[in-house]
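What follows is a single structure, written as structure tokens, with notes after it.
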Amino acid sequence: MFEPKDFFSAEEHSIRSLFTDKDKVFKIPDYQRNFAWTNHELDQFWEDLKNVITGSYDLSTYSLRIAKPHFFGTILLTKADNQYEVTDGQQRLTVTTILLKVLHDVSNRISNVQDRSGISSLITPLIQKNIYGEPFQARLKLDSTVNNFFENYILLKNTISERADYLRLHPITIS
């Protein structure tokens with residue numbers, strides 16, 4: 001008789017390890033529900049993130065304390081071809097990817113070029129497979145109904161004016 005361990009294994013990973021494996025690409029299958037988090041879930045995510053940061057850093061000296069593990073929720077992945085299908089955790093992965101992109105965009109406002117490029121070089125590989133000379137490939141691919149918008153509007157555009165231009169050329173209709 002088969003047991004669950006014959007089909008899958010549960011492993012504990014950090015969010016960092018999920019995003020820093022250079023070969024990992026996450027795919028939200030079309031059968032998954034669309035993004036459905038409300039302000040309530042986003043607020044909970046933000047509070048969790050703030051608690052991790054304030055628990056991991058001494059904000060008066062900006063020094064790292066010993067980081068404590070924090071449970072952000074379950075992410076269930078199934079290896080398929082050269083990517084991982086996301087069975088559970090797509091909302092968290094999507095919000096984390098968007099937050100990383102926002103941090104990247106905000107870092108572009110830093111006047112010191114060395115600091116700006118240093119931050120960018122830390123964040124960019126978390127958002128995209130960073131293979132020099134190859135076309136952009138997002139680490140997270142949403143379902144086919146929204147992926148084009150997600151990649152072209154959120155991940156590839158870096159400024160408000162670029163996003164406004166995109167919307168002028170690709171108007172969104174909500175039905």
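When a/c reaches 1.5 or more, the comparison of a/b and b/c decides; with that in mind, is segment 81-138 rounded, prolate or oblate per its Cα gyration tensor?
Verdict is oblate for segment 81-138.
If you look at just the Cα atoms of segment 105-175, how large are its Rg and its Dmax in Å?
In Å, with Rg to one decimal and Dmax whole: 14.1, 45.
If neighbour count is taken as other Cβ atoms inside 10 Å, put Arg65, Arg139 in order from fewest to most.
In order of increasing Cβ crowding within 10 Å: Arg65, Arg139.
Evaluate E = 1/(1 + (r/R0)^6) for Asn112 and Thr78, where r is the Cβ-Cβ distance and R0 equals 25 Å; express this FRET efficiency to the nearest 0.05.
It comes to 0.05.
Sort 98-106, 86-94, 155-163, 34-42 for me by packing, meaning the mean count of neighbouring Cβ atoms within 10 Å per residue, highest on top.
Result, highest mean first: 86-94, 98-106, 155-163, 34-42.
Is there a pair in Lys101/Lys141; Lys24/Lys50; Lys22/Lys157; Lys22/Lys68 whose C-alpha atoms are over 20 Å apart, and which pairs would that be?
Lys24/Lys50; Lys22/Lys157; Lys22/Lys68
To the nearest 0.05, what FRET efficiency results for Leu169 and Ile66 with a Förster distance of 35 Å applied to their C-beta separation?
0.10
Using only Cα atoms, locate the centre of segment 149-175 and the centre of segment 37-66, then give the distance between them in Å, rounded to an integer.
That distance is 29 Å.
Once the convex hull of the alpha carbons of segment 49-175 is built, what does its volume come to per residue, in cubic angstrom?
Here the figure is 177 Å³ per residue.
Computed from the coordinates by the stated procedures, all read-outs in this text should not be read as laboratory data. The structure presented is a predicted model; accordingly, all values stated were derived computationally and were not measured. Every residue, glycine among them, receives a Cβ derived from its backbone with ideal geometry; neighbour counts consider all protein chains shown.
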